[in-house]
Amino acid sequence: MLKLAVLVSGGGTNLQAIMDSIEDGRITNARIEVVISNNKNAYALERGKSAGIESVCISPKDYSSREEFNLAFLEKLDSYQVDLVVLAGFLVVIPAMMIEKYKNRMINIHPSLIPSFCGKGYYGLKVHEAALEKGVKVTGATVHFVDEGTDTGPIILQQPVAVKQGDTPEALQRRVMEQAEWKILPEAINLIANGKVFLEDGHVILQA
Ligand code: GRF
């Protein structure tokens, strides 16, 4: 049984997709041990609580320095002894020591086809604003392992989504969530939970 920690900062629709997928069997051999947010008002915490999952807030605001927060954050996460950390719209910079400790055991969902529209400053609506500004006809989402860079780790799954004439950033964000994020994040977790994901020379190999 793969034990998960899901890290969130906002509405939690990706968390909901994971919970629903565990519920309906699209994800097997996995269980969410804890939902952790840096934002005490994150609706994602409500979603976790409603599902009877331990849902906690650990905020940088409650610590006198970033170093202190980083240590407390790592200690909190370690206390749950999870196998996989899932960043589902988590907007806090992951401490380097946490990335090291959870190397190849931490994944992230990004709302574009990496390497487009990713890296520092590309998060939330900004990603879709950039895609519309560039005039791309196809965008999408990516699930990748987290490494020391920003959105630079080995890619696990991607899903393309069509950009439509007249799309607003909000409409495009919603379509990318519905048609890509909420599908490939649960799918990636299921593949990992069932031993189908391998890393070779920094590239992901998926076993059929
Ligand atoms: C999603 O668009 C995700 O791609 C990005 O942050 C957003 C989180 O949304 N990383 P939610 O909290 O899962 O609804």
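Every read-out reported here was derived from the displayed coordinates using simple, explicitly stated rules and does not represent laboratory data. None of these values were measured; they are calculated from a predicted model. We place every Cβ from the backbone using ideal geometry, glycine too, and count neighbours over all the protein chains shown.
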Cα-Cα over 30 Å, subset of Lys137/Lys183; Lys40/Lys126; Lys49/Lys101; Lys61/Lys137; Lys61/Lys120: Lys61/Lys137
Going Cα to Cα from Lys134, which aspartates and glutamates come in below 14 Å? Please leave out same-chain ones fewer than 8 positions away. Asp167
Using modelled backbone amide H atoms (1.01 Å from N, in-plane), which distant-in-sequence or interchain residues come within less than 5 Å of Val204's amide H? Ile155
Does a label point 7 Å from the Cα of Ile205, set along Cα-to-beta-carbon, have any residues of segment 94-116 with amide nitrogen under 19 Å, and which are they? 104-105
As an exercise, take the mean of 1/r over every pair of distinct alpha carbons in segment 1-114, invert it, and state the Kirkwood radius in angstroms. 14.3 Å
Applying 1/(1 + (r/R0)^6) with R0 = 45 Å to the Cβ-Cβ distance of Lys196 and Gln165, what FRET efficiency is obtained, to the nearest 0.05? 0.75
With the radius of gyration and the Kirkwood radius both derived from the Cα set of segment 60-165, what is their ratio Rg to Rh? 1.03
Virtual paramagnetic centre 7 Å along Cα→Cβ of Glu100, amide N under 13 Å, in segment 145-173: 148
Which FRET efficiency, nearest 0.05, do Ala72 and Ala51 yield, Cβ-Cβ r, R0 35 Å? 0.90
Which residues qualify? For Leu87, with a placed amide H closer than 5 Å and at least 5 residues away or on another chain, they are Leu7, Ile107, Asn108, Ile109
Amide H to amide H, which residues 5 or more places from Cys57 or on other chains are under 5 Å from it, using H placed in the peptide plane? Ser37
Quarter of Cα convex hull surface for segment 2-206, i.e. mean projection, nm²: 11.1 nm²
